[in-house]
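Below you'll find the structure, written out as structure tokens, and then a few comments.
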Amino acid sequence: MVHFTAEEKAAVVSLWARVNVELVGGEVLGRLLVVYPWTQRFFDSFGNLSSESAIMGNPKVKAHGKKVLTSFGNAVKHMDDLKDTFAELSELHCDKLHVDPENFKQPQRDTMVHLTGEEKAAVTGLWSKVNVDEVGGEALGRLLVVYPWTQRFFDSFGDLSTPDAVMNNPKVKAHGKKVLNSFSEGLKNLDNLKGTFAKLSELHCDKLHVDPENFKLLGNVLVCVLAHHFGKEFTPQVQAAYQKVVAGVANALAHKYH
């Protein structure tokens with residue numbers, strides 16, 4: 001059961017009304033297959049999935065993506081009854097397709113980030129254009145709005161009562177900048193994330209007692225913010241590289257917990 005306020009429902013429905021299901025569906029499924037390549041095993045009949053361009057231009061990927069997003073559109077119409085809305089699809093994926101939902105989580109504990117030379121160039125090339133002040137504040141702000149339970153670690157930040165208050169809070173912006181400066185250090189030391197974040201990991205574990213899951217949440221929010229800021233420049237290939245980086249940083253920050 002998803003619990004929405006009337007305002008949240010209106011926001012979802014309003015945005016969805018402007019979505020081009022065919023265009024967005026194809027891109028969403030395509031990015032899934034590029035960023036998380038192990039998911040390709042469920043699409044053996046789709047033909048050429050050998051490269052980013054092959055996937056994003058594959059007509060079967062586009063068609064199935066449209067189908068997936070059409071089903072998602074039904075969910076938007078039945079937000080109070082998602083269980084019944086997806087009952088048949090759940091049965092199909094469980095009993096016939098044998099898709100284990102755990103496969104899509106793909107847990108990682110590796111603090112090493114294994115990037116190709118091309119991926120490293122993509123990461124550093126995009127990062128050189130990032131406005132740390134702006135992106136840092138937005139990333140931390142969105143974390144606090146989207147996952148409001150994370151606000152408990154920021155009691156001293158003052159007014160966090162509404163999205164506007166959070167996003168315009170000077171302490172949120174300042175701390176977001178600080179967080180992204182630390183992330184920048186990680187990008188300079190991709191082969192030694194564990195050492196780079198050792199002190200921060202100890203601080204968050206022993207003194208601040210921060211749930212390590214929050215590091216993953218922040219990493220994923222950062223990817224969303226980068227996509228928002230860079231648009232088409234944030235290609236599936238660039239996203240795939242950044243997903244590796246934020247996962248590695250999150251695991252390095254969580255290292256002291258293990």
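The values are calculated or read from the model by the stated rules, or taken from the named source; none is laboratory data. For clarity, every value in this text was computed on a predicted model and none was experimentally measured. We place every Cβ from the backbone using ideal geometry, glycine too, and count neighbours over all the protein chains shown.
In segment 202-217, which residues are assigned to a helix (DSSP H, G or I), more than 21 Å from residue 134 (Cβ to Cβ) and either at pLDDT below 80 or not acidic (Asp, Glu) (or both)?
Answer for segment 202-217, where residues must be assigned to a helix (DSSP H, G or I), more than 21 Å from residue 134 (Cβ to Cβ) and either at pLDDT below 80 or not acidic (Asp, Glu) (or both): 203, 204, 205, 206, 207, 214, 215, 216.
Name the residue, out of 232, 199, 177, 194, that is in a helix (DSSP H, G or I) and touching an Asp or Glu at 6+ places or on another chain (Cβ under 7 Å).
Selected residue: 177, the only one of 232, 199, 177, 194 that is in a helix (DSSP H, G or I) and touching an Asp or Glu at 6+ places or on another chain (Cβ under 7 Å).
For segment 16-26, which positions are under 15 Å from residue 56 (Cα atoms) and touching a residue at least 40 places away in the same chain (Cβ under 8 Å)?
Scanning segment 16-26 gives 22, 24, 25, 26.
Collect the residues in segment 235-258 that are outside any helix (DSSP H, G or I), within 18 Å of the chain's Cα centre (by Cα) and at pLDDT below 90, keeping them in residue-number order.
Listed by number, the list holds a single entry, 254.
Please find, within segment 148-186, the residue that is surrounded by the most Cβ atoms within 10 Å (Cβ to Cβ) out of those that are touching a Ser or Thr at 6+ places or on another chain (Cβ under 9 Å), within 20 Å of residue 217 (Cβ to Cβ) and modelled with pLDDT under 95.
Among those that are touching a Ser or Thr at 6+ places or on another chain (Cβ under 9 Å), within 20 Å of residue 217 (Cβ to Cβ) and modelled with pLDDT under 95, it is 186.
Pick out the one residue from 207, 244 that is basic (Lys, Arg) and either surrounded by 15 or more Cβ atoms within 10 Å (Cβ to Cβ) or touching a residue at least 24 places away in the same chain (Cβ under 8 Å) (or both).
Of 207, 244, the one residue that is basic (Lys, Arg) and either surrounded by 15 or more Cβ atoms within 10 Å (Cβ to Cβ) or touching a residue at least 24 places away in the same chain (Cβ under 8 Å) (or both) is 244.
Among the residues of segment 114-139, which ones are in a helix (DSSP H, G or I) and more than 24 Å from residue 169 (Cα to Cα)?
Those that are in a helix (DSSP H, G or I) and more than 24 Å from residue 169 (Cα to Cα): 117, 118, 119, 120, 121, 122, 123, 124, 125, 126, 127.
Surrounded by 15 or more Cβ atoms within 10 Å (Cβ to Cβ) and more than 21 Å from residue 221 (Cβ to Cβ): is that true of residue 194 in this structure?
Answer is yes for this residue.
Would you confirm whether or not segment 157-166 contains a residue that is hydroxyl-bearing (Ser, Thr, Tyr) and not in a helix (DSSP H, G or I)?
Yes, segment 157-166 contains a residue that is hydroxyl-bearing (Ser, Thr, Tyr) and not in a helix (DSSP H, G or I).
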